[in-house]
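These notes are about the structure you will find just below.
Please treat every number below as a calculation from the coordinates, not as lab data. What you see is a predicted model, and the numbers here were worked out from it, not measured in a lab. Don't worry about glycine lacking a Cβ; one is built from the backbone with ideal geometry, like all the others, and counts go over all protein chains shown.
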Amino acid sequence: MAVSGKDDVFAPWKDATAEPLIKINGVTKRFGDFTAIDNISLEIYPQEFFALLGPSGCGKTTLMRMLAGFETPTSGVISIDGQDMSTVPPNKRAVNMMFQSYALFPHLSVWENIAFGLRRDGLDKEKIAARVEEMLKLVQLGKFAKRKPHQISGGQRQRVALARSLAKAPKLLLLDEPLGALDKKLRQETQFELMDIQEKTGTTFVIVTHDQEEAMTVASRVAVMDHGQLIQVETPEVIYEQPNSVYVADFIGDVNLIEGSVSGLDSGAELAWAEGRDPLIGQPGASLSKGQSASFAIRPEKIAISAEEPQDRRNRVQGKILDIGYLGNLSTYHVELPDGPIIKCEVGNRSRIERRDFTWEDEVWLSWSDTAGLVLPR
């Protein structure tokens, strides 16, 4: 994400003196008997690329629409740049919104699409021309200025919509599933373009997405939502490595979850999971008490696979390879334990496929360090 100096990582949320651009204080939104947003409080800082992440119906789009002014909170206050937005209509906010459909005018050229909002604001021709050229350069579309939207690719249309949204220099840009219409490879390329543009302009971006990979790639911080509530708000690294709940661990990336109960809290957290088997040992992912129902969460890439029993690790289980997935750079092994659970582990393919060490039905050992997994309350 953005860097303020060679050694200073951008993290205003850690600075007690930093003033947020957006303050959401105790906001609830109801539609009849349905609560879409349930008493949310959140602060977003200037120049952040902030992601609202969650499944369909979790409330992320409703929250974005309230920021834009298209919906009004049932209770609570939203302020932007120190101003209460309660009585400020959408067209009077220093906010712009980029929709998934891009909403470009098909009869206007790329240049005219970008200029549209500036003309409505009554800017003189010279200022409009200079700003449009600046935006075309920013999104690298100068040579496409005279083309109509149907004459350019989906990725280029996405960039035109972005340029039009940024042309009026909003303090806040809201992006509603902006890359949803692009194919996977183009979406991945465009994610980095978005990050570069956001960094160059210094505009605060808030993106709504259900694509965890997208949120983890572009965002300075991610808010994971469910049923109208914020479950965890943290940097992508913390969200992935230290999820605060089974829900977040399961929603972000691949994870193995083994259910059991907390049997000890002396050297890390111990999880009793199968009769007659040694407990699994991991870091406590939240406050735990002995005897509490919990799940052991371990990422597939943190698990080692071997033919011989590893003697140097307390976390080790034996099972049989049930399935193998070849993903080019990775091979994924699904290993069935005698007690029922199926554990997934990932191994980097550093040699050619015909030299694979394990095959179907092989008996193997899986192992991991004491700090690789988390014990999370259920």
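Could you give the dipole magnitude of the chain about its Cα centre, charging the beta-carbon of Lys and Arg +1 and that of Asp and Glu -1, in debye to the nearest 20?
Numbers: 43 positive and 52 negative charges, 442 e Å.
For the chain, the charge dipole is close to 2120 debye.
Among Tyr333, Tyr240, which comes first, second and so on when ranked by fewest other beta-carbon atoms within 10 Å?
On the way: Tyr333 25, Tyr240 18.
Taking fewest neighbouring Cβ atoms as first place, the list is Tyr240, Tyr333.
Mind checking which lysines have their Cα closer than 27 Å to the Cα of Lys320? Skip sequence neighbours fewer than 8 apart in that chain.
Lys302, Lys344
Please determine, in degrees from 0 to 90 and to the nearest 10, the orientation of helix 110-120 with respect to the longest principal axis defined by the Cα atoms of the chain, where the helix direction is its Cα long axis.
It is inclined by approximately 60 degrees.
Compute the angle between helix 154-166 and the longest alpha-carbon principal axis of the chain, please, reported from 0 to 90 degrees and rounded to the nearest 10.
60 degrees
Could you list, in their original order, any pairs among Lys143/Lys200; Lys23/Lys60; Lys14/Lys184; Lys29/Lys92 whose Cα atoms are separated by more than 25 Å?
Details: Lys143/Lys200 21 Å; Lys23/Lys60 16 Å; Lys14/Lys184 34 Å; Lys29/Lys92 22 Å.
Cα-Cα > 25 Å for Lys14/Lys184; rest within.
Would you give the gap between the C-alpha center of the range 172-227 and the C-alpha center of the range 31-94, rounded to a whole Å?
Distance between centres, Cα-based: 17 Å.
Lysines within cross-link reach of Lys146: Cα-Cα under 20 Å, excluding same-chain residues under 8 positions apart?
By straight Cα distance, Lys146 reaches Lys125, Lys127, Lys137.
Give me His334, His150 ranked fewest to most by other Cβ atoms within 10 Å of their Cβ, as a rough exposure proxy.
Numbers: His334 16, His150 8.
Fewest to most other Cβ atoms nearby, the residues stand as His150, His334.
Can you tell me how the range 218-374 classifies by the Cα gyration tensor, rounded, prolate or oblate, using a/c under 1.5 as the rounded cut?
Details: a/c = 2.15, a/b = 1.26, b/c = 1.71.
The shape class here is oblate.
Order the peptides 119-127, 166-174, 229-237 from the highest to the lowest mean number of other Cβ atoms within 10 Å of their residues.
Highest to lowest by the protection proxy: 166-174, 229-237, 119-127.
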